[in-house]
Amino acid sequence: MKIFCGRANPTTGSMEWLEEGEDYDYHQEIARSRYADMLHDKDRNVKYYQGIRAAVSRVKERGEKAIVLDIGTGTGLLSMMAASAGADFCYAIEVFKPMANAAVKIVEKNGFSDKIKVINKHSTEVTVGPDGDMQCRANILVTELFDTELIGEGALPTYEHAHKYLVQEGCEAVPHRATVYVQLVESRRMWSWKKLFPVHVEAEDGEKILVPPSEMENCPGVPSVCDIQLNQMPSSDFSTLSDVVTMFSVDFSKPVQSASTYYRVQLEPVKSGKAQIVLSWWDIDMDPSGMINCTMAPYWVKPTSALQWRDHWMQCVYFLPREEQVLQGEKLYLTACRDEYSVWYNLQKAREGENKAGEEEHKADVCVESPVCRCRAHLLWNRPRFGELNDQNRTRQYIESLRKVLKTDSVCLCISDGSLLPVLAHYLGAKQVQGMQPSRTDLYHPHELWQAFFKANHLEDKIKIIEARPELLKPSHLEDKKISVLVGEPFFTTSLLPWHNLYFWYARTAVSTHLASNVTVLPQSASLHMMIVEFQDLWRIRSPCGICEGFDVQTMDDMIKDSLNFRESKEAEPHPLWEYPCKSLSEPEEVLTFDFTKPVPQHCLSTEGSVKLLQKGKSHGAVLWMEYHLAADTSVSTGLMQLSNEKGNCEWNPHCKQAVYFFSSVIESEILSDPTAVTYAINFDTKTGEIAMDFKL
């Protein structure tokens, strides 16, 4: 059966209907899954195995049969650990059908079919009794239902239900408990992911300061967690204001409550500063004594222990509703509120001579409502985009380039989403400025955000936002004038891969009839760049596992490989490489150029060639990024910022995701003798806006 899927093409901007096989969604799910990453997480697997062995032993010592319930079994790994540790029987629950089918095969291949029953249901639909899915309640509960935030995948309601209906009272649980830790920090870098800072512009008639509207200043933002690899955040980018404190813990061996609640701790800052950010992570104890512990603590907390790299569990950054100036040694209360799936934080100062009654009073102030963005900016801009708009160096490059091309009679049109360029163009003296935000984000009413912006800066009648798509632009929109300066960053909210922002070129082509004959287009051109790299760890997410803790999981490897071959392996995927260290094995190379001064051509743009490998190392893949040429000597890179040649260490643009094309040698796990070059063929289809690429080692 074929299904038609509608999608807006991010590069060309057109609506398309694509015919997909009925397995399309399933292949996407598997290809992009983190199963391989979990199977490579040695620390997690070893600790789970130790915890399961200990739990089975405790039950056996009581003279009972060990009956295991494994919720969210995935590959069946934890059930096989339990069976090999001597469990009498395991019920392995998996709701995702293709995964449940794979678990059945893996269990059979490893010889545990008589000990493990795979149940393809949601755990809340599982029945217990002589005719049920389970013959009796289990006395050991094993799960791995956690995400970076601990509760984001619905662990709490799942545990709550299991304790009520599926396990015995006083059961053993692996993990036994989870504990969430927090630390209060000041960080201009992380705060710039939530707030828009004022922008200073040197204009002909003195300095202008662009300020955000007050509703944006006081907006709590969005409740979704910001999960990142905190181990890649240099210590120079934040300042710790408190010690690490335990925020709350959950005992999984007892009935669990999922209803909304809050936890409160008292803090005393170890130094004065601006409290802006709560950093958070968790650990799990696999046994009641806490001897078998698996932690997500970042590098500065456990500097002596070797860090296990993992991408399925990272660390959390939470933004306080507002910045709070705190003094060393003063008494503060930090409150964590949570619902079934998410956590958010509030900070309050203790009042003079506060006693127990005062604390009770504070409890009444607790905000158990999840934060909601009211200014619309947090719905339109994601956190990296806030960081990009706050990047003073980048803004300066646009200001300098605009200054060179704008005249007092310039009619300027800006095509980019949520861009500050129209305001900059006005401040720099353009006579008429219009902005166009083509991405289909009408849901969030971007024009209302812009009206608030203009009002806050007294620009209501100075800049006009055109609410039409480029192909529907009429002379009346432009007051019957021709565009003399067309600008874009370019940035569009629908872009996932670096070249999707080439939509600017298609928009420029759509408005061609409105351009003056001597129009200036800024950026004047763009280029696609590429480099061959060896990743420190990111390769693991695409690498087969084979044997995991003595169990054969190759069926899973094959399943991922099939899904990648279905489509994904021939495509690049977006990753924020500042979080994933790599070293360059080749020089960066410009492979394609796009001339924005001319319309998009009818013919394809293609190139082929060979890249010399200058360093020894494992060629895991190619990284691709765009550079935009604003002026003869000014370019903005969305990828490589700096290369330190002796080691090949790369510094990447922290506001953008780069495109990573993993070589088949990673996916197939082939060991290659040192290749000396990589040949490539890259084709940009101007009709579909898609880039096809092929690499050979």
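Rolling a 1.4 angstrom probe over the protein heavy atoms with all chains in place gives the stretch 391-520 an accessible area of 42 Å² per residue.
Sort the following peptides by mean Cβ neighbour count (other Cβ atoms within 10 Å, averaged over residues), highest first: 609-619, 189-199.
My ranking of the peptides, most packed first, is 189-199, 609-619.
Estimated at the nearest 10 Å², the accessible area of Arg396 is 120 Å² with a 1.4 Å probe.
Using R0 = 51 Å, the C-beta based FRET efficiency linking Gln615 and Lys97 works out to 0.70. When only alpha carbons are used to place a centre, the stretch 99-122 and the stretch 529-595 end up 29 Å from one another. Once you reduce the stretch 130-187 and the stretch 66-92 to the center of their Cα atoms, the two points are 15 Å from each other. As a fraction of the 1.4 Å probe accessible area of the chain, surface on carbon and sulfur atoms comes out at 49 percent. For a test of the definition: using alpha carbon positions, the gyration tensor, and the 1.5 limit on a/c, classify the stretch 592-697 as rounded, prolate or oblate. Because a/c hits 1.5 or more and a/b fails to exceed b/c, the stretch 592-697 counts as oblate.
Taking a ≥ b ≥ c as the square roots of the eigenvalues of the alpha carbon gyration tensor, the stretch 391-520 is rounded, as a/c is under 1.5. Helix content alone sets the calculated 222 nm mean residue ellipticity of the chain: runs of n ≥ 4 DSSP H residues at -39500 (n - 2.57) each, divided across all residues, give -6000 deg cm²/dmol. Can you say what percent of the DSSP beta bridges in the chain, counting only those with both residues inside, are antiparallel? Round to 5. Antiparallel bridges make up about 75 percent of those DSSP assigns within the chain.
The candidate values were [x] 20; [y] 25; [z] 30; the one computed from these coordinates for percent of Cα pairs over 50 Å apart carries the label [x].
With no solvent and one equal point scatterer per Cα, compute the Debye intensity ratio I(q)/I(0) for the stretch 54-178 at 0.13 Å⁻¹ and report its log10, rounded to two decimals. Relative scattering, expressed as log10 I(q)/I(0), comes to -0.47. Counting only residues at least eight positions apart within a chain, or on another chain, the lysines with an alpha carbon under 22 Å from that of Lys105 are Lys97, Lys115, Lys117, Lys121, Lys561. The calculated FRET efficiency for the pair Lys455 and Ser342, based on their C-beta separation and a Förster distance of 35 Å, comes to about 0.60. By the rule of a C-alpha distance below 16 Å, with chain neighbours fewer than 8 residues away ignored, the lysines paired with Lys195 are Lys274. Cross-link partners for Lys60 among the aspartates and glutamates, with Cα-Cα distance under 19 Å and sequence neighbours closer than 8 places in the same chain left out: Asp70, Asp88, Glu169, Glu172, Asp287.
Angle between the Cα long axis of helix 392-405 and the longest principal axis of the chain, 0 to 90 degrees, nearest 10? Approximately 20 degrees, to the nearest ten. Sort the stretch 90-142 into rounded, prolate or oblate with this rule: let a ≥ b ≥ c be the square roots of the eigenvalues of the Cα gyration tensor; rounded if a/c is under 1.5, and if a/c is not under 1.5, prolate when a/b is larger than b/c, oblate otherwise. Cα axes put the stretch 90-142 in the oblate bin. Above 19 Å lies some portion of the pair distances; for the stretch 266-322, what is it as a whole percent of all C-alpha pairs? The calculated P(r) of the stretch 266-322 puts 47 percent of pairs beyond 19 Å. Axis angle, to the nearest 10 degrees, between helix 155-165 and the longest C-alpha principal axis of the chain: 30 degrees.
For the set Lys583/Lys687; Lys208/Lys462; Lys42/Lys65; Lys404/Lys657; Lys208/Lys482; Lys583/Lys696, the pairs lying more than 25 angstrom apart at their alpha carbons are Lys583/Lys687; Lys42/Lys65; Lys404/Lys657; Lys208/Lys482. Shown in residue order for the stretch 469-485 are the 3J(HN,Hα) couplings computed by the Karplus curve 6.51 cos²θ - 1.76 cosθ + 1.60 at θ = phi - 60°: 7, x, 5, 9, 5, 10, x, 5, 4, 9, 6, 6, 9, 8, 6, 9, 9 Hz (x for Gly and Pro). Over every Cα atom in the stretch 215-287, the radius of gyration and the widest Cα-Cα span, Dmax, amount to 15.9, 48 Å. When you count the other C-beta atoms within 10 angstrom of each residue and take the mean per peptide, 511-521, 649-659 line up highest first as 649-659, 511-521.
Among 477-483, 318-324, the peptide with the highest mean count of other Cβ atoms within 10 Å heads the list, and the full ranking is 318-324, 477-483.
The values are calculated or read from the model by the stated rules, or taken from the named source; none is laboratory data. A quick note: this is a predicted structure, and the numbers were derived from the prediction, not measured. With ideal geometry, Cβ positions are generated from the backbone for all residues, glycine too; neighbour counts draw on all protein chains shown. In case anyone asks, the SASA skips ligands and DNA or RNA and just uses the protein heavy atoms, side chains included. Shrake-Rupley method; radii C 1.70, N 1.55, O 1.52, S 1.80 Å.
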